[in-house]
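A.B. asks: Mind having a look at this structure? Questions to follow.
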Amino acid sequence: MPELPEVETVRRALDRRVRGRVITAYRVGRPAFNRPIPTRALSRLKGSRIESVERRGKYLILRLSRGWDLVCHLGMSGSISFDSVEENHVRFRFTAGGRIVKMHDPRRFGRVGCALPKLGPEPLSAGFNADYLLGALRGRSAAVKACLLDQAVVAGVGNIYATEALYHAGIRPQRRAGAVSRAEAARLCVEVKQVLRRAIRMGGTTLQDQAFKDPEGRPGRFSLRTAVYGRKLGACGHELKATNRPISGRTSLYCPVCQR
């Protein structure tokens with residue numbers, strides 16, 4: 001699933017290419033998405049100017065003229081691209097000032113015109129700090145990684161970046177969240193921010209089993225810098241282990257030497 005760095009990469013490309021343009025047409029393929037696009041959301045598109053493209057967690061938000069917003073989620077494998085040719089796999093598109101913007105969602109988990117759920121603070125904001133995280137983890141028996149993946153705790157962090165941040169913070173993903181100390185919470189906040197910033201600079205992560213590309217068709221390069229995710233040996237050189245049980249449905253790797 002595209003996580004914060006991938007969605008931010010898409011957001012920056014969209015904002016750069018379509019900000020200020022007027023949506024002149026749109027088309028929704030059939031079948032399109034797992035959930036139908038609300039008619040009201042579509043009726044607002046044609047003739048609207050794109051004032052800006054923003055992000056909240058893993059959600060893209062197109063700020064439209066007349067005070068309207070179009071919220072999109074890329075789902076498990078959705079992508080957005082620029083093209084001038086209509087293709088059979090197009091599921092959603094609109095033309096903004098002569099430029100065709102296409103959303104392709106082969107697994108049909110993406111959503112267009114959805115409402116934003118309750119989300120925690122942005123991990124790159126000042127609000128995501130040691131005091132906040134310690135309070136969010138206090139008394140919880142769930143694994144600390146499960147809490148990081150909870151979008152109501154922190155918005156936008158997914159499996160790849162939670163795995164990486166916990167490694168750099170020296171915390172095992174299966175540790176009980178309530179057992180995390182204040183010093184560890186402070187270190188984890190720092191590492192979450194640093195991992196996400198590095199990934200954004202490298203255009204997100206594209207692995208062999210993931211087809212993420214930015215709207216210009218470029219793959220993410222953070223897979224070249226992962227310390228744990230997708231590897232057999234950690235950056236420390238030690239052999240990695242997988243948790244005995246999946247965490248939030250995901251297999252979790254960690255270093256048994258460096259993480260406690």
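The values are calculated or read from the model by the stated rules, or taken from the named source; none is laboratory data. Remember, predicted model here, so these are calculated numbers, not experimental data. Note: ideal-geometry Cβ built from the backbone for every residue, glycine included; neighbour counts use all protein chains shown.
A.B. asks: For the structure I just gave you, tell me whether A242 is under 16 Å from G158 (Cα atoms), in the same structural domain as A162 (by TED's automatic domain parsing) and among the small types (G, A, S). Before the answer, list the steps.
C.D. replies: Values: under 16 Å from G158 (Cα atoms): no; in the same structural domain as A162 (by TED's automatic domain parsing): yes; among the small types (G, A, S): yes.
In short, no.
A.B. asks: Sticking with this structure for a sec: Does the range 207-256 hold any residues that are exposed (fewer than 13 other Cβ atoms within 10 Å of the Cβ), assigned to a loop (DSSP other than H, G, I, E, B) and hydrophobic (A, V, I, L, M, F, W, C), and which are they?
C.D. replies: A211
A.B. asks: For G203, indicate whether it is free of Cβ contacts under 8 Å to residues at least 60 places away in the same chain and more than 19 Å from G120 (Cβ to Cβ).
C.D. replies: no
A.B. asks: If only one of V157, V144 is under 13 Å from V180 (Cβ atoms), crowded, with 20+ Cβ neighbours inside 10 Å and among the β-branched types (V, I, T), which one is it?
C.D. replies: Working: V157 fails: under 13 Å from V180 (Cβ atoms).
Every option except V144 fails the conditions.
A.B. asks: Also, quick follow-up: Going by what's in this entry, would R175 be described as within 26 Å of L133 (Cα to Cα) and surrounded by fewer than 19 Cβ atoms within 10 Å (Cβ to Cβ)?
C.D. replies: On the way: within 26 Å of L133 (Cα to Cα): yes; surrounded by fewer than 19 Cβ atoms within 10 Å (Cβ to Cβ): yes.
So R175 fits the description; yes.
A.B. asks: Hey, any hits in the range 50-60 for a residue that's closer than 17 Å to G98 by Cα, modelled with pLDDT under 90, out of contact with any Pro (no Cβ under 7 Å at 6 or more places or on another chain) and not assigned by TED's automatic domain parsing to the domain that holds V157? I'd like the intermediate steps shown before the answer.
C.D. replies: Taking the range 50-60 as the starting set, the residues that turn out to be closer than 17 Å to G98 by Cα are 50-51.
Within this subset, residues satisfying the condition of being modelled with pLDDT under 90 are none.
There is no residue in the range 50-60 that is closer than 17 Å to G98 by Cα, modelled with pLDDT under 90, out of contact with any Pro (no Cβ under 7 Å at 6 or more places or on another chain) and not assigned by TED's automatic domain parsing to the domain that holds V157.
A.B. asks: Right, next: What are the residue pairs meeting all of these: first residue in the range 33-51, first residue over 17 Å from A115 (Cβ atoms), second residue modelled with pLDDT of 80 or more and assigned to a helix (DSSP H, G or I), Cβ atoms under 7 Å, and 6 or more apart or on different chains?
C.D. replies: S48/S65; S48/R66; R49/S65; I50/V18; E51/S65
A.B. asks: Continuing with the same structure: Specify the residue that is modelled with the lowest pLDDT; the eligible residues are those in the range 16-36 that are buried (at least 19 other Cβ atoms within 10 Å of the Cβ) and outside any strand (DSSP E or B). Write out each step before concluding.
C.D. replies: Of all residues in the range 16-36, those buried (at least 19 other Cβ atoms within 10 Å of the Cβ) come to 18, 23, 33.
Applying the additional criterion that residues be outside any strand (DSSP E or B) yields 18, 33.
On the way: V18: 91, F33: 65.
Within the range 16-36, the match that is modelled with the lowest pLDDT is F33.
A.B. asks: Working carefully through the options D83, D105, D69, find the one that is at pLDDT 90 or above and assigned by TED's automatic domain parsing to the domain that holds L14.
C.D. replies: Details: D83 fails: at pLDDT 90 or above; D105 fails: at pLDDT 90 or above.
Just a single option satisfies the conditions, and that option is D69.
A.B. asks: Looking at the range 228-250 only, could you name the residues that are touching a residue at least 40 places away in the same chain (Cβ under 8 Å) and touching a Gly at 6+ places or on another chain (Cβ under 6 Å)?
C.D. replies: V228
A.B. asks: Output the number of the condition that S125 fails; it satisfies all remaining conditions of (1) under 28 Å from V190 (Cβ atoms); (2) of a type outside the set (V, I, T); (3) modelled with pLDDT under 85.
C.D. replies: It fails just one condition, (3).
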